[in-house]
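Here's the structure we're looking at; comments come further down.
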Amino acid sequence: MSHSAHSMNNADRNTASTVKTANTNGNDKDAGINYMTDSSPIVVGEIAPGCKKRDPIVVAENVRRSFGGINAVDVDYLEIPRHKITALIGPNGAGKTTLFNLLTGFDTPNSGKWQFEGKNIEGVSSFKLARMGMVRTFQLTKVMGKLTVMENMRLGAANQPGERLSKALFKGIWGGREKEITAQADVLLEKFKLDVKKDDYAASLSGGQRKLLEMARSLMVRPKLVMLDEPMAGVNPALTQSLLDHIKNLKAEGMTVLFVEHDMNMVRHIADWVVVMAEGKIVAEGPPRDVMKDPAVIDAYLGAHHDVDLGDTEGIKELEAVLEADEESVVGTENAGIIAVESVVPDLKGADLKQPDLSPEALQEPGDDEPNSPQSGLAEPGRTDKDKE
Amino acid sequence: MDYGFVFSSAAGELFSPTTAAYALAALGLAVHFGYSGLLNFGQAGFMAVGAYGFAISTLSFGVPFFVALLISILCSSLFALLLGIPTLRLRADYLAIVTIAAAEIVRYIVTTNQLTKVTGSANGLAAFEGGFYAMNPFPEGSYMGMNNRDFFIRVIGWGLVVVCCVIVWLLMRSPWGRVLKGIREDENAVRSLGKNVYAYKMQALIIGGVLGALAGMVFTLPRGAVQPANYGTELTFFLWTCLLLGGMATVLGPVIGAMIFWVVLSLTQSVLYGLIESGAVTWLTTVQAGQLRYILVGVALMLLMIFRPQGVFGNKKELAFA
């Protein structure tokens, strides 16, 4: 498979000759690099989906996961750059969360290899990955409702000897560490403005506060890589700004961030690197500015006129005018609202695959198909049950 | 009606060895469900394993009391492992199904005729308590209206309840207990924070199971006999009643719950019998009255769930978000 067709043409800015020697051991805190202003190139060579990074923290190769006939994740090669904020974007059902689950050991892929900090983590259980420094949050926020906010925070801390049954009975053994943990939690809670809620049950927090608590709790582990699954979903605009700052701060403190998000403004503001997924595959990656101009991304995700403000009547009028003049536009035709598959997954183009499910006839007359036939649902074209037999 | 008798028999139930056994077993359930979210519907099975483990090792192998005690604890731990290994990776409801089935399997195995020599089949086993009473430090005489044997078993039974309560309290205020409570709330979140959820659930299942086994021994020693009929499914549900009465995620709840359960049973029985004997109630036989009191316990439980769902000791605030 070649991805060069839709790679970005700023490779000259990131040529291999300008790349510093890769620092792979991750101990460059001592070097005194300010991660906020560090502008050394992220990639080695040309920017393309699946390109090599100067200093990757996570490397995934041929990671595949299928549910029934659908390939939820089908990633040939992906590297996540260390000390950067990487956004993972893509339409609903693109496999972003599934990829998260696979990387963090919450789900097992059908095939593939993946590494964290150079160590092979294939088949390593989720709790061990968290101990290695790879901590995630969940799309549907998970807080321990009947524990207080402080207890939630303490739960995140590592190296508490009192969490071993053999030592739990003796406060003398774990009491000292508990004080350290509490101090650490106090600092974080203050940062996240949850300190007044410290003794309240987590269940009494609002949705946005729970997001904050979940993020703060994951930092109690002192992770190297923080993976945030839709950190902004359901958070009010006032809180969004502080959440953005928190995420930026993580980078300043030397952490790597990978996050899934639908809010393009957020992606634009804080991401150093954007990876775009569609139908399980990586269709584009690059710096946010460039990725958002990539035609594959625009077709798959943003929509052709994503920069028009639809909340504004002027904007809508403008958009309508542009769309009428646009020959490729399907607005007002019977194809309206259907995403062209060949632009989402260009590699499928030319392959001898049937795509009856996306033709307007099939969508308008679903009764013609068997309800469970492979062609009527979302099953990947060409993969039918007959093929498996 | 003899009110003195009614109240003295109810008060007798407060500190009877059976109440202590129920309190211990319900405390085990509190560790399982109240703190870890493990649905164990086979606590009677754990009690049976404890009682039979003790009785069989004493009678068939002639081991001394403390060795028999140790064997009984080991057996219940193994039983917990056996149940936990396949089910603890699955959702909580699977453990519930497996524990119900396992408790019944235990009961049917000890009832099997082929094993009569070892388990005594439906008649059960008797005369294994000698080693226990041989340790009785109290000379013969009357202790608060009890003989020295009855007094000894009460001291040991309730001593055990106190010790176990203290241990459970110490465990649950520790970081270990915090992880368990976290697992009860959301095990994936705990897993994402680097805790081995499976190991914690297994430890909790074993601890609660061992409490069940101890309860089985305290239950069986004063009777001097262990019979399969005593370890039916209804025993498990009485234990759940005790737990819900007292409050689930509390240490004292199961103990107070067991006391309430037995006092209510005793009071209703004496009052009903008194009414029937005095002729005030003619539409009820004493046999029916015996059954009616369990119905009344059920009604009491329903009322409690409606008006005080957190139990006597539970924290109302915790329920506000349920």
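The values are calculated or read from the model by the stated rules, or taken from the named source; none is laboratory data. On a predicted model such as this, the values are computed, not experimentally measured, just so you know. Glycine also receives a Cβ, built like all others from the backbone with ideal geometry; neighbour counts cover every protein chain displayed. Areas reflect the complete protein model, heavy atoms only, side chains present, ligands, DNA and RNA absent. Shrake-Rupley method; radii C 1.70, N 1.55, O 1.52, S 1.80 Å.
Across region A:209-222, what is the number of residues that are open to solvent by 10 Å² or more (accessible area, probe 1.4 Å) and hydrophobic (A, V, I, L, M, F, W, C)? Here the count works out to 2.
Tell me, which residue of region B:284-317 that is in a helix (DSSP H, G or I) and among the aromatic types (Phe, Trp, Tyr) is least open to solvent (accessible area, probe 1.4 Å)?
B:Tyr294
Within region A:190-208, not a single residue is closer than 30 Å to A:Gly118 by Cα and either within 12 Å of chain B (Cβ to nearest Cβ) or open to solvent by 20 Å² or more (accessible area, probe 1.4 Å) (or both). Of the residues making up region A:108-136, those that are within 11 Å of chain B (Cβ to nearest Cβ), outside any helix (DSSP H, G or I) and surrounded by fewer than 22 Cβ atoms within 10 Å (Cβ to Cβ) number 2.
Taken over region B:17-44, the criterion of being open to solvent by less than 10 Å² (accessible area, probe 1.4 Å) and either on the phi > 0 side of the Ramachandran plot or not in a helix (DSSP H, G or I) (or both) is satisfied by B:Ser36, B:Leu38, B:Asn40, B:Gly42. Scanning region B:245-254 for residues that are of a type outside the set (S, T, N, Q) and open to solvent by 10 Å² or more (accessible area, probe 1.4 Å) yields B:Leu245, B:Met248, B:Ala249, B:Val251, B:Leu252.
In region B:45-72, how many are assigned to a helix (DSSP H, G or I) and open to solvent by 50 Å² or more (accessible area, probe 1.4 Å)?
Residues meeting the conditions: 5.
Among residues that are at pLDDT 90 or above and either over 13 Å from the mean Cα position of the chain (by Cα) or not acidic (Asp, Glu) (or both), A:Thr86 is included. Considering every residue within region B:124-131, establish whether at least one is touching a residue at least 40 places away in the same chain (Cβ under 8 Å), open to solvent by 60 Å² or more (accessible area, probe 1.4 Å), more than 9 Å from chain A (Cβ to nearest Cβ) and in a loop (DSSP other than H, G, I, E, B). Yes, region B:124-131 has at least one match. For region B:132-173, a tally of residues being among the basic types (Lys, Arg) and open to solvent by less than 70 Å² (accessible area, probe 1.4 Å) returns 1. Do the conditions hold for B:Gly274, that is, is it part of a loop (DSSP other than H, G, I, E, B), open to solvent by less than 70 Å² (accessible area, probe 1.4 Å), more than 29 Å from B:Ile167 (Cα to Cα) and more than 14 Å from chain A (Cβ to nearest Cβ)? No; evaluated as a whole, the condition is false for this residue. Taking first residues from region B:84-106 that are closer than 12 Å to B:Thr236 by Cα and partners that are outside any loop (DSSP other than H, G, I, E, B) and of a type in the set (Phe, Trp, Tyr), the Cβ contacts under 8 Å between residues at least 6 apart in sequence or on separate chains come to B:Ala103/B:Phe46; B:Ala103/B:Tyr231. Of the residues in region A:54-64, at least one is buried (at least 17 other Cβ atoms within 10 Å of the Cβ), part of a loop (DSSP other than H, G, I, E, B) and modelled with pLDDT under 90.
Residues in region A:65-88 that are assigned to a loop (DSSP other than H, G, I, E, B) and either closer than 18 Å to A:Glu117 by Cα or among the basic types (Lys, Arg) (or both): A:Arg82, A:His83, A:Lys84. The helices (runs of 4 or more DSSP H) falling completely within region B:140-212 that include 3 or more residues that are under 26 Å from the mean Cα position of the chain (by Cα) map to B:148-173, B:175-185. Test B:Thr241 against the criterion of being open to solvent by less than 20 Å² (accessible area, probe 1.4 Å), in contact (Cβ under 8 Å) with a residue 24 or more places away in the chain and within 26 Å of B:Leu78 (Cβ to Cβ), and give yes or no. Taking the combined requirement at face value, the residue does not satisfy it. Looking at A:Glu163, A:Glu151, A:Glu180, just one residue is more than 9 Å from every other protein chain (Cβ to nearest Cβ) and charged (D, E, K, R), and that residue is A:Glu180.
Does A:Phe138 count as touching a residue at least 24 places away in the same chain (Cβ under 8 Å), assigned by TED's automatic domain parsing to the domain that holds A:Gln209 and under 15 Å from the mean Cα position of the chain (by Cα)? For A:Phe138, the condition - touching a residue at least 24 places away in the same chain (Cβ under 8 Å), assigned by TED's automatic domain parsing to the domain that holds A:Gln209 and under 15 Å from the mean Cα position of the chain (by Cα) - is met. Scanning region A:65-83 for residues that are open to solvent by less than 30 Å² (accessible area, probe 1.4 Å) and without any contact (Cβ under 8 Å) to a residue 40 or more places away in the chain returns a single hit, A:Glu79. Going through (1) away from chain A (no Cβ under 14 Å); (2) more than 30 Å from B:Glu13 (Cα to Cα); (3) at pLDDT 95 or above one by one, B:Tyr200 falls short only on (1). Take the conditions in contact with a Pro (Cβ under 6 Å, 6 or more places away or on another chain), under 27 Å from A:Met134 (Cβ atoms), assigned by TED's automatic domain parsing to the domain that holds A:Ser40 and at pLDDT below 90 and apply them to A:Glu261. Does it pass? The answer is no for A:Glu261. Of the candidates A:Leu212, A:Leu189, A:Leu155, A:Leu219, the single residue that is without any contact (Cβ under 8 Å) to a residue 40 or more places away in the chain, part of a helix (DSSP H, G or I) and within 30 Å of the chain's Cα centre (by Cα) is A:Leu212. Please go through region A:28-48 and give me each residue that is open to solvent by 10 Å² or more (accessible area, probe 1.4 Å) and touching a Ser or Thr at 6+ places or on another chain (Cβ under 8 Å), ordered by number. If the condition is that a residue be open to solvent by 10 Å² or more (accessible area, probe 1.4 Å) and touching a Ser or Thr at 6+ places or on another chain (Cβ under 8 Å), then A:Pro41, A:Gly45, A:Glu46, A:Ala48 are the ones that fit. Assess whether A:Ala252 counts as being in contact with a helix residue (DSSP H, G or I) (Cβ under 7 Å, 6 or more places away or on another chain), among the small types (Gly, Ala, Ser) and at negative phi. No: the conditions fail for A:Ala252. Of the residues making up region A:212-252, just one is out of contact with any strand residue (DSSP E or B) (no Cβ under 7 Å at 6 or more places or on another chain), among the acidic types (Asp, Glu) and under 18 Å from A:Arg136 (Cβ atoms), namely A:Glu214.
Out of curiosity, is A:Gly172 open to solvent by less than 50 Å² (accessible area, probe 1.4 Å), more than 17 Å from B:Gly194 (Cβ to Cβ) and within 14 Å of chain B (Cβ to nearest Cβ)? Criteria not met by A:Gly172. How about region A:204-213: which of its residues are under 17 Å from B:Val190 (Cα atoms) and in contact with a Leu (Cβ under 9 Å, 6 or more places away or on another chain)? Result: A:Lys211, A:Leu212, A:Leu213.
Within region B:212-238, being under 14 Å from B:Val31 (Cβ atoms) and open to solvent by less than 10 Å² (accessible area, probe 1.4 Å) holds for B:Gly212, B:Ala213, B:Ala215.
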